[in-house]
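What follows is one structure encoded as structure tokens, with my remarks underneath.
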Amino acid sequence: MPRTSASLIPSAPGPSTPLTNSYTYHSSTPTAPGPYILGVDEAGRGPVLGPLVYGVAYCPVSWKTDLEQLGFADSKTLTPEKRAQLLGVLNSEPQNLGWSVRVISPQAVSAGMLRIPPTNLNKQSQDATVLLIRDALQRGLQLSEVYVDALGNTTTYEAYLSSQFPGINFTVTTKADSKFKIVGAASVAAKVTRDACVDGWTFEELIEEDENAARNARNENWNREFGSGYPSDPKTQIWVKNSLDPTFGFPSIVRFSWTTVKVILEKSAHPVKWIDEGQESLMKAFEGGKGREKDRCIVTKDLGIQSIGML
């Protein structure tokens, strides 16, 4: 997608607006009577750059035949131009067709994965899905069927969603974006939004910097030759390597919890030594489940509860 078109995507941050916090975007709420079907899909689980975006699309059950004629499919099989066209289609039938996205910032993805206890990518994805379904219900949509692209064990996930939303018939399956047009529509919403976020990325680290040699050097290194964003892409590898500041690390578009990034930091960033004399056992506890933290339950660790003997 050309960068100039990013500002035309309503679910992306505005021009010169950095993506610092996760957010949710909703189209107008359809007014046609229900019940409704809803599809769920994502874009950006694997890349080392940019946000993870979950999308949903919804329409009345009675409108399924019309939906079949609109050309929605797995967004990965469509050209950027076709995806942009289909986002326009999503907005062209506001009475019958609606969509929403949950944009999880790169920093939120990594912070969740590195916290103790960690919130892994599956859990973050699950939370985004539940949030979007709950939002649709709170906006007054009567949902009867929800189709979800597979996440982990399909049977377990389907049972979990059914327990969260009794009365709704859930179908969780692989390649749902190819099997169900409503999931294809959600796939388009998620993919177009993510592409717009990345293509129009505003580096918050440069906003308040003076116009000096340091900023010019960063502008040169932080170009937009991102490649696909996947760790296996040579263009992405080059960009990530060149974007490293040995003292401050990477700009916020980078998911610093990815192994690719950790390896570069270990090899090329300045080493850091934490010095806190007399607190070695406490330091070890923070480093990971050792020392005084050993055998403590997750709840006490997460809440920061300490024994009187440790104070």
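The values are calculated or read from the model by the stated rules, or taken from the named source; none is laboratory data. Not measured: the values here are computed from a predicted model. When we count neighbours, we look across all protein chains shown, and the Cβ atoms used for this are built from the backbone with ideal geometry, even at glycine. SASA here: full protein model, heavy atoms, side chains in, ligands and nucleic acids out. Shrake-Rupley method; radii C 1.70, N 1.55, O 1.52, S 1.80 Å.
Go through 36-42, 267-273, 177-183, 114-120 and give me the packing order, highest mean Cβ count within 10 Å leading.
Result, highest mean Cβ count within 10 Å first: 36-42, 177-183, 114-120, 267-273.
Of 82/235; 82/175; 76/241; 191/267; 235/273; 191/241, which sit over 29 Å apart, Cα to Cα?
In this structure, 191/267; 235/273 lie more than 29 Å apart at Cα.
Give me, ordered by chain and number, the residues 5 or more places off residue 52 or on other chains with an amide H under 5 Å from its own placed amide H.
Sorted by chain and number, the residues that satisfy this are 104.
Could you check the spin-label model distance between residue 248 and residue 144? Points 7 Å from the Cα along Cα→Cβ, value in nm.
5.6
Give me the number: length gained by fully extending residue 137 to residue 81, i.e. 0.36 nm times residue separation minus the C-alpha to C-alpha distance, one decimal in nm.
Between residue 137 and residue 81, full extension yields an extra 17.0 nm.
Each residue of region 260-265 in order: what ³J(HN,Hα) in whole Hz does its phi give by Karplus 6.51 cos²θ - 1.76 cosθ + 1.60, θ = phi - 60°, with x for Gly and Pro?
Per residue, the Karplus-derived 3J(HN,Hα) values read 3, 6, 4, 5, 5, 4 Hz.
Provide the per-residue ³J(HN,Hα) series for region 149-158, in order, calculated from phi with Karplus coefficients 6.51, -1.76, 1.60 and θ = phi - 60°, each as a whole number of Hz, with x at glycine and proline positions.
5, 4, 9, x, 6, 5, 5, 5, 5, 4
Mind listing the phi-derived Karplus ³J(HN,Hα) values for region 71-82, rounded to whole Hz, using 6.51, -1.76 and 1.60 with θ = phi - 60°, and x for any glycine or proline?
With the stated coefficients, region 71-82 comes to x, 6, 7, 3, 4, 5, 8, 10, 6, x, 5, 5 Hz.
Ignoring ligands and nucleic acids, what accessible area does residue 130 show with a 1.4 Å probe (Å², nearest 10)?
Using a 1.4 Å probe on the heavy atoms, I get roughly 10 Å².
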